[in-house]
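Undergrad: Could you have a look at this structure, given as structure tokens, before my questions?
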Amino acid sequence: MPFLEALAGKALSTPPIWLMRQAGRYLPEYREVRAKAGSFLDLCYSPELAAEVTLQPIRRFGFDAAIVFSDILVVPHALGQHVEFLEGEGPKLKPVASGKDLAKLSGKDASKRFDLVYEAIGRIVPELGGQTPLIGFCGAPWTVASYMVGGGGSPDQRAAKLLAYRDPATFKALLDLLVETSSDYLIGQIKAGVRALQIFDSWAGSLADDDFGAFSIEPTAEIVRRVKSACPGIPIIGFPRGSSASFERYAMETGVDALGCDTAAPLDAMAALQSRLPVQGNLDPLLLLAGGDAMDRRVKAILSRLSPKPFVFNLGHGILPETPIENVERLMRLVRAVD
Ligand code: CP3
């Protein structure tokens, strides 16, 4: 399987390709299932429907890997935090603003909710038929904590940073809880059948130096240690979005097997890393949306610079809902060199 070979450090003449958020609103068949499911969380916790939407982009485009349909915010939800996804507004959570709020997260229903994700994995794997590996995932503790403390997304992760600076003990306890829960969750996904993992640190780019070490690298490294000690061979991709200035440090200190690179990562920086580990990325989702010559040129630049060494083609961030399906088809032809 090309995706697993690339993660193991093999350079392939045609690189494997999958896209972050490849199951999503740009697909009419996703929108149909999504409407039937009710809420977004209902879809995540329906093994049958989650399996169906996971498989949709594989059937349509033949990507080299599938990714379990779920969300990084399933972890705080399973811990007992109130989480909802409001139409067109993104996620809203009841903020964890203090040690008292943190103590209320009992986690008593966590295994019940995670079991539904494992059940979805159990349905997906046989449908993929041994040709396409399934990726499991979680959010990195820093990124998940930023949503938990802020009550949603924010451009500067202000609430999480203020809690970390004013009440470091509570913030550390929150990161520790996320390390423990996320590690168990990833190990559960592997036991259910996933063949690789990705850890999404979407907000890593707002941290530098000591804070990057303490909030992004250390918790991620601990998850990697725990998962690898339970399941030694599993490849793990780290995606520290916005951190290209610290890629090498992140890769070396977390112990991830491959580095997911965001849209702003220079190809030279990615190519330099390839002597140490495989890289994945990093087409701008807006270029995929725009298509045309601009997309063609960039795809060719990425391929010629990165494909000679261990490489997985992906976007630099999730696919956008407005993306025309023809552009994804065109991308597949370019990467597979059939055009
Ligand atoms: O990649 C995949 O196809 C697997 C599924 C997946 C989803 N979310 C489904 C989803 C994955 C891997 C995620 C990760 C995720 N979720 C991240 C990390 C990656 C990133 O994008 O930075 C983050 C930060 C989240 C939190 C989240 N979930 C936000 C901010 C939103 C709202 C924004 C939006 O696009 O609507 C979501 C909702 C969400 N997660 C959707 C999907 C398909 C859209 C919801 C819908 O269908 O109504």
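Undergrad: Tell me which residues, restricted to segment 275-306, are open to solvent by less than 20 Å² (accessible area, probe 1.4 Å) and either in contact with a His (Cβ under 6 Å, 6 or more places away or on another chain) or outside any helix (DSSP H, G or I) (or both).
TA: Answer for segment 275-306, where residues must be open to solvent by less than 20 Å² (accessible area, probe 1.4 Å) and either in contact with a His (Cβ under 6 Å, 6 or more places away or on another chain) or outside any helix (DSSP H, G or I) (or both): LEU277, PRO278, VAL279, GLN280, GLY281, ASN282, LEU283, PRO285, GLY291.
Undergrad: Residues to consider are ALA251, ALA272, ALA265; find the one that is surrounded by 15 or more Cβ atoms within 10 Å (Cβ to Cβ), small (Gly, Ala, Ser) and assigned to a helix (DSSP H, G or I).
TA: None of the other options fit; the residue is ALA251.
Undergrad: Do you know which of the residues in segment 307-331 that are over 19 Å from GLU29 (Cα atoms) and not in a loop (DSSP other than H, G, I, E, B) is most open to solvent (accessible area, probe 1.4 Å)?
TA: ARG330
Undergrad: Inside segment 3-44, can you point out the residues that are within 17 Å of ARG195 (Cβ to Cβ), under 19 Å from the mean Cα position of the chain (by Cα) and either part of a helix (DSSP H, G or I) or within 10 Å of the ligand (Cβ to nearest atom) (or both)?
TA: PHE3, LEU4, ALA6, LEU7, TRP18, GLN22
Residues are listed down the side, and each one gets a yes or a no for (1) away from the ligand (no atom under 15 Å from the Cβ); (2) in contact with a strand residue (DSSP E or B) (Cβ under 8 Å, 6 or more places away or on another chain); (3) outside any helix (DSSP H, G or I):
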residue	(1), (2), (3)
VAL125	yes, yes, no
LYS161	yes, no, no
THR170	yes, no, no
ALA173	yes, no, no
LEU177	yes, no, no
GLU180	yes, no, no
ASP184	yes, no, no
LEU197	no, yes, yes
PHE200	no, yes, yes
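Undergrad: Is it the case that ALA110 is in contact (Cβ under 8 Å) with a residue 60 or more places away in the chain, more than 16 Å from the ligand (Cβ to nearest atom), open to solvent by 50 Å² or more (accessible area, probe 1.4 Å) and farther than 30 Å from LEU331 by Cβ?
TA: It is false that ALA110 is in contact (Cβ under 8 Å) with a residue 60 or more places away in the chain, more than 16 Å from the ligand (Cβ to nearest atom), open to solvent by 50 Å² or more (accessible area, probe 1.4 Å) and farther than 30 Å from LEU331 by Cβ.
Undergrad: Which of (1) more than 14 Å from PRO76 (Cα to Cα); (2) part of a loop (DSSP other than H, G, I, E, B); (3) within 16 Å of the ligand (Cβ to nearest atom) does ILE135 not meet, given it meets every other one?
TA: Unmet for ILE135, out of (1) more than 14 Å from PRO76 (Cα to Cα); (2) part of a loop (DSSP other than H, G, I, E, B); (3) within 16 Å of the ligand (Cβ to nearest atom): (2).
Undergrad: Residues VAL83, VAL117: which one is within 16 Å of the ligand (Cβ to nearest atom), touching a His at 6+ places or on another chain (Cβ under 6 Å) and open to solvent by less than 40 Å² (accessible area, probe 1.4 Å)?
TA: Matching residue, one of VAL83, VAL117: VAL83.
Undergrad: Only one of (1) part of a loop (DSSP other than H, G, I, E, B); (2) open to solvent by less than 50 Å² (accessible area, probe 1.4 Å) fails for GLY153. Which number is that?
TA: Looking at each condition in turn, GLY153 falls short on (2).
Undergrad: With the checklist (1) outside any loop (DSSP other than H, G, I, E, B); (2) open to solvent by 10 Å² or more (accessible area, probe 1.4 Å) in hand, flag the one item GLY233 doesn't pass.
TA: Every condition holds for GLY233 apart from (1).
Undergrad: Looking at segment 243-258, I want the residues that are within 17 Å of LEU207 (Cβ to Cβ) and have a partner that is open to solvent by 40 Å² or more (accessible area, probe 1.4 Å) with Cβ atoms under 7 Å, at least 6 apart or on another chain. Which pairs are those?
TA: SER243/GLY205; SER244/ALA264; SER244/PRO266; ALA251/ARG276
Undergrad: Restricting the search to segment 70-80, which residues are open to solvent by less than 20 Å² (accessible area, probe 1.4 Å) and within 11 Å of the ligand (Cβ to nearest atom)?
TA: Residues satisfying the conditions are SER70, LEU73, VAL74, VAL75, PRO76.
The values are calculated or read from the model by the stated rules, or taken from the named source; none is laboratory data. Since the structure is predicted, the reported quantities are computational estimates derived from the model, not experimental observations. Cβ atoms come from the backbone with ideal geometry, glycine included; neighbour counts cover every protein chain shown. Ligands, DNA and RNA are stripped out before the accessible areas are found, and what is left, the full protein with its side chains, is counted by its heavy atoms. Shrake-Rupley method; radii C 1.70, N 1.55, O 1.52, S 1.80 Å.
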